Amino acid sequence: MCGWKRWLTMVLLLGGCEQNPFREVHVDIQPSPVEALLKARAAATTTKRFRVSVAGMESPSGTWAAYSRVFGEVAHRLGGMEIEFVQRRTYAEVNELLMKGELDAALLCTGGYLELQRRDPGAVEVIAVPIINDSDAYQSLIIVPASSQAQSLQQLERGRFAFTDELSLTGRAWVVHELRKLGRTPEDFFGATSFTRSHDRSVSAVARGVVDAASVHSIVFQHLLEKDPALLDKVRIIQRSPEFGMTPVVASQRLSRGTRAGLREVLLALSEDPEGAALLRPLRINRFAVALPGLFDSAYDVVQPAP
């Protein structure tokens, strides 16, 4: 075969071959379902959590319903954190978590806060206090069944009395303080005492005649009346305490100064937009405010142990 024919034959043969002599393989670089799940779990474990508790002034289900949305929004505004809502049965247990650094913040009973300050003065910083019904104060109320003949604490001798918590200012400390002025103690004055662990349970115990009297938080009592006005047909108030400084929101001193300042800023601004104000409304909270100097002095005088 002549030269030009051989050249033409080679061109035709090469033209009939594939441009790429290797087989193409399409690779899916999307992660497998297992890999996606592992990535999601890893992301979840690195999400910053905001660990918060609320003293059990109302029963646990009521406390969760009332406060979880507020502190969930606070956590979100602090930088997209997720809330970890921690509940404990007693005020002392919440204090222990704060002292161990296992909580970032808490809304404490005033009596619980003062006990925490006594035991570990550097554990927490007061960030703000809620303003409820345009006030930063509340009272302890002694209530009895509507049918009771008692008109004062002195007339409850040998009766069955319900306290809320060992550290509660309104639910125990003020009554102990009043009895101390009479030279008495709960053990030698009342016929029997019990702890209900929340103010709404104490009110219920009086309304049902389970106990002869109880001391309760004035704001919780008012809240219960708003939900059930007929409660006034079952219980009545026979004595009121002086006013005490509102229950504080505290932050662990283990948080950075910047985080504590951020928490205060978020709380103080919460009522300034419609979404935040709507979250506060079911709690009857008008806004959060900085605690004024001396706010807890009257409570401090009550919880001081006998000399």
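The values are calculated or read from the model by the stated rules, or taken from the named source; none is laboratory data. Being a predicted model, the structure only gives us computed values, none of them experimental. Because the Cβ atoms are built from the backbone with ideal geometry, glycine has one as well, and the counts that use them run over all protein chains shown. SASA here: full protein model, heavy atoms, side chains in, ligands and nucleic acids out. Shrake-Rupley method; radii C 1.70, N 1.55, O 1.52, S 1.80 Å.
Quick notes on this structure:
- Verdict on Leu255 being in contact (Cβ under 8 Å) with a residue 60 or more places away in the chain and touching a Lys or Arg at 6+ places or on another chain (Cβ under 8 Å): no
- Thr247 vs. criteria closer than 22 Å to Asn133 by Cα and among the hydroxyl-bearing types (Ser, Thr, Tyr): yes
- Output for region 182-204, where each listed residue is part of a helix (DSSP H, G or I), out of contact with any His (no Cβ under 7 Å at 6 or more places or on another chain) and buried (at least 22 other Cβ atoms within 10 Å of the Cβ): Asp200, Ser202, Val203
- The single condition from (1) touching a residue at least 24 places away in the same chain (Cβ under 8 Å); (2) within 28 Å of Arg51 (Cβ to Cβ); (3) open to solvent by 10 Å² or more (accessible area, probe 1.4 Å); (4) of a type in the set (S, T, N, Q) that Ser168 fails is (3).
- First in region 100-124 and in contact (Cβ under 8 Å) with a residue 24 or more places away in the chain and under 19 Å from Ala137 (Cβ atoms), second anywhere and assigned to a strand (DSSP E or B) and open to solvent by less than 40 Å² (accessible area, probe 1.4 Å), Cβ under 7 Å, 6 or more apart: Leu107/Val54; Leu107/Val249; Leu108/Val250; Thr110/Phe244; Thr110/Gly245; Tyr113/Val250
- Qualifying residue in region 220-234 (condition: under 24 Å from Ala105 (Cα atoms) and open to solvent by less than 20 Å² (accessible area, probe 1.4 Å)): yes
Conditions tested, residue by residue: (1) out of contact with any Phe, Trp or Tyr (no Cβ under 7 Å at 6 or more places or on another chain); (2) not polar (S, T, N, Q).
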{"position": "Arg236", "(1), (2)": "yes, yes"}
{"position": "Val250", "(1), (2)": "no, yes"}
{"position": "Phe296", "(1), (2)": "yes, yes"}
{"position": "Gln304", "(1), (2)": "yes, no"}
